[in-house]
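Below is one structure; the comments refer to it alone.
The values are calculated or read from the model by the stated rules, or taken from the named source; none is laboratory data. As the structure is a prediction and not an experimental result, all values here were calculated from the model. No Cβ is skipped: glycine too gets one built from the backbone with ideal geometry, and neighbour counts run over all protein chains shown.
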Amino acid sequence: MDTTKPTAVALDDATVAFHLAGNRVYTAVEQARLSVEHGEFVAIVGPTGCGKSTLLNVAAGLLKPASGTVRIFDQPLTGLNRDAGYLFQGDALFPWKTAIDNVAIGLEIRGAPRAQALERAQGWLNSVGLGAFAGRYPHMLSGGQRKRVGLAQVLIRDPKILLMDEPFGPLDAQTRQIMGNLLLELWNADRKAVLFVTHDLEEAIALADRVVIMSAGPSARIIGDWRVPLARPRDISEVRMEKEFHALHREIWSVLKDEVMKGYAQSSQAPAEVE
Amino acid sequence: MMSRPVLLLCQLLVGVVFFGLWQLFATVPIFGYTVLPPFFFSTPLDVFNRIVKWLVEGSIWRHLMITLTEASLAFVIGSLSGTLIGFWFARQQTIAAIFDPYVKMMNALPRVVLAPIFALWLGLGIWSKVALGVTLVFFVVFFNVYQGVKETNATLVDNARMLGMSERQLLRHVFWPSALSWMFSSLHTSVGFAVVGAVVGEYLGSAAGLGYLIQQAEGVFDVAGVFAGMIVLAIFVVAIDFVVTKVENRLLVWRPTAGERGT
């Protein structure tokens with residue numbers, strides 16, 4: 001982490017509200033204050049439906065906050081965040097493009113010659129371990145493989161900020177660990193600023209430099225911010241055995257538990273209108 | 001699922017049994033009573049001979065070519081306009097809202113009633129049949145593409161925008177492929193409707209084509225001719241469908257269940 005450079009993402013009192021039918025307003029996130037320093041890996045953890053994704057969409061410029069400011073490298077964000085790469089929760093690959101075309105597209109739309117784009121795309125597919133699957137269409141790949149292609153698709157553009165929305169959510173436990181290690185390995189190469197949303201506290205601690213906890217929605221707030229004292233480089237499965245890991249997990253969970261119960265109670269009562 | 005040769009054998013068997021029974025009931029009296037009098041039902045043998053005669057004389061090819069030309073033109077014009085207008089409406093919701101009641105009205109209209117109008121406007125040549133086919137094909141493709149583009153996965157669009165696509169690039173890389181894929185998925189239905197449009201048009205008034213052939217035979221109580229025309233038409237449609245399936249499998253190679261998506 002380098003604090004001499006400007007803060008990569010800074011949300012200042014950002015409030016996000018959605019207009020519902022009948023002039024009602026649903027406040028998803030209230031006065032969120034959050035910063036991600038240059039080269040820092042920040043994980044946001046919170047109960048289901050607390051507006052974690054909303055916060056990420058604000059940082060991406062896909063959503064405008066109702067009040068508060070968003071600054072990217074000290075510049076106020078207008079429109080889409082051009083410095084950010086976004087790995088979505090759901091399937092976001094182009095189903096009609098092969099794996100390699102899916103990765104190359106980020107360069108092609110910038111005007112890179114096709115041959116050069118394909119060559120670099122092949123390089124990225126190799127680094128996510130899918131070198132032999134370049135010609136496959138997304139439906140011929142497993143969930144984990146699709147996430148790898150997605151990662152390559154985002155990273156080939158070399159974004160300064162990486163936004164990730166429960167990217168490994170739908171994967172099985174083993175695949176998640178493998179993907180986590182792959183992510184750390186790739187991230188270690190150039191240490192981009194990362195904002196990583198997850199509902200899995202263990203995953204958050206294992207990956208991040210800082211863990212931010214959100215309260216249950218609606219009007220979710222940021223209620224906690226912990227620094228992770230684990231050394232890098234880390235191995236996801238080994239780091240879970242360490243004493244510091246357990247101590248931190250216990251500490252954060254004591255706060256998070258109540259919010260999870262609240263979030264659960266709400267989601268089982270009122271219809272969840274906005275995720 | 002049974003193996004392919006067994007399946008083919010079973011399919012063949014159904015045909016053989018059907019034509020066998022038909023031949024039997026039409027020629028052999030049962031308790032002194034002919035179940036299928038040949039005057040009304042003809043016999044498979046007569047129908048077969050008729051088809052052979054058409055093939056030998058070569059007269060059938062001209063009619064087939066005319067029907068094929070009409071159906072192809074109707075398909076191309078109908079799908080092209082359906083795709084373009086469906087795409088346009090899906091991207092311009094205001095336009096879609098304005099035209100909505102008229103589109104519904106047009107679609108609810110039984111197309112057969114338009115045939116005399118088209119004959120009046122375009123004459124008895126191929127273009128009145130093409131027009132009839134176009135009105136059928138257009139709506140199938142139009143609704144498919146309209147719905148498909150409107151419901152393009154929002155995550156996909158967000159992803160494309162985050163990857164840095166401009167509005168034009170979004171059209172080219174996201175919405176247009178999506179529109180085309182919906183057009184292709186209605187391929188079987190639209191090709192079928194193109195043939196229906198051509199044959200019905202010919203039947204109602206023309207001087208050539210399969211529909212004309214059937215109509216002529218019907219006019220002189222030539223039942224063998226009617227059935228022969230129907231069978232040629234059926235084989236023609238199966239052949240076209242075979243080609244469409246091949247084309248579809250090629251075009252929709254990226255789709256999980258390419259062959260099963262035709263509506």
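Summary table
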{"item": "Condition met for B:Ser79 (buried (at least 18 other Cβ atoms within 10 Å of the Cβ), in the same structural domain as B:Asn144 (by TED's automatic domain parsing) and not β-branched (Val, Ile, Thr))", "result": "yes"}
{"item": "Subset of the range A:12-36 [free of Cβ contacts under 8 Å to residues at least 60 places away in the same chain and touching a strand residue (DSSP E or B) at 6+ places or on another chain (Cβ under 9 Å)]", "result": "A:Asp12, A:Asp13, A:Ala14, A:Thr15, A:Val16, A:Ala17, A:His19, A:Val25, A:Ser35"}
{"item": "Selected residue [without any contact (Cβ under 8 Å) to a residue 60 or more places away in the chain, at positive phi and not aromatic (Phe, Trp, Tyr)] from A:Gly111, A:Gly51, A:Gly39", "result": "A:Gly111"}
{"item": "Number of positions in the range A:113-129 that are out of contact with any Gly (no Cβ under 6 Å at 6 or more places or on another chain) and either buried (at least 22 other Cβ atoms within 10 Å of the Cβ) or under 18 Å from B:Leu170 (Cβ atoms) (or both)", "result": "4"}
{"item": "Selection count, the range A:156-184, where residues are modelled with pLDDT of 90 or more and aliphatic (A, V, I, L, M)", "result": "8"}
{"item": "Failed item in (1) under 13 Å from the mean Cα position of the chain (by Cα); (2) of a type in the set (Gly, Ala, Ser); (3) assigned to a helix (DSSP H, G or I); (4) under 30 Å from A:Met261 (Cα atoms), with A:Gly169 passing the rest", "result": "(3)"}
{"item": "Residue in the range B:182-203 that is at positive phi and surrounded by fewer than 18 Cβ atoms within 10 Å (Cβ to Cβ) present", "result": "no"}
{"item": "So B:Tyr102, is it aromatic (Phe, Trp, Tyr), out of contact with any Asp or Glu (no Cβ under 8 Å at 6 or more places or on another chain) and in the same structural domain as B:Val17 (by TED's automatic domain parsing)", "result": "no"}
{"item": "Qualifying residue in the range A:9-25 (condition: small (Gly, Ala, Ser), surrounded by 21 or more Cβ atoms within 10 Å (Cβ to Cβ) and closer than 30 Å to A:Arg136 by Cα)", "result": "no"}
{"item": "Candidate set: the range B:93-114, residues that are at pLDDT 90 or above and closer than 22 Å to B:Glu167 by Cα; chosen: the one nearest to the chain's Cα centre (by Cα)", "result": "B:Ala96"}
{"item": "Flag if B:Val112 is over 30 Å from A:Asp165 (Cβ atoms), β-branched (Val, Ile, Thr), crowded, with 23+ Cβ neighbours inside 10 Å and out of contact with any Lys or Arg (no Cβ under 8 Å at 6 or more places or on another chain)", "result": "no"}
{"item": "Residue count for the range A:72-106, restricted to those that are over 10 Å from A:Gln153 (Cβ atoms), more than 9 Å from chain B (Cβ to nearest Cβ) and not charged (D, E, K, R)", "result": "8"}
{"item": "Candidate set from the range B:58-77 (those that are small (Gly, Ala, Ser) and under 13 Å from the mean Cα position of the chain (by Cα)); member that is farthest from B:Val237 (Cα to Cα)", "result": "B:Ala74"}
{"item": "Candidate set: the range A:139-180, residues that are of a type in the set (S, T, N, Q) and surrounded by 18 or more Cβ atoms within 10 Å (Cβ to Cβ); chosen: the one nearest to A:Pro6 (Cα to Cα)", "result": "A:Gln153"}
{"item": "Check on A:Phe18, aromatic (Phe, Trp, Tyr) and part of a strand (DSSP E or B)", "result": "yes"}
{"item": "Test: residue in the range A:66-78 that is of a type in the set (Asp, Glu) and crowded, with 16+ Cβ neighbours inside 10 Å", "result": "no"}
{"item": "Given (1) under 23 Å from A:Lys5 (Cα atoms); (2) crowded, with 19+ Cβ neighbours inside 10 Å, number of the condition A:Leu63 does not satisfy", "result": "(1)"}
{"item": "Matching entry among A:Met164, A:Met179 (being more than 22 Å from A:Leu80 (Cα to Cα) and of a type in the set (A, V, I, L, M, F, W, C))", "result": "A:Met179"}
{"item": "Condition check for A:Thr15: of a type in the set (Val, Ile, Thr), more than 30 Å from A:Ile109 (Cβ to Cβ) and out of contact with any Gly (no Cβ under 8 Å at 6 or more places or on another chain)", "result": "no"}
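To keep it simple, each residue is scored yes or no on (1) farther than 26 Å from B:Val199 by Cα; (2) of a type in the set (Phe, Trp, Tyr); (3) in contact (Cβ under 8 Å) with a residue 24 or more places away in the chain; (4) surrounded by fewer than 15 Cβ atoms within 10 Å (Cβ to Cβ).
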{"site": "B:Trp121", "(1), (2), (3), (4)": "no, yes, no, yes"}
{"site": "B:Val134", "(1), (2), (3), (4)": "no, no, yes, no"}
{"site": "B:Gly148", "(1), (2), (3), (4)": "yes, no, yes, no"}
{"site": "B:Ser166", "(1), (2), (3), (4)": "yes, no, no, yes"}
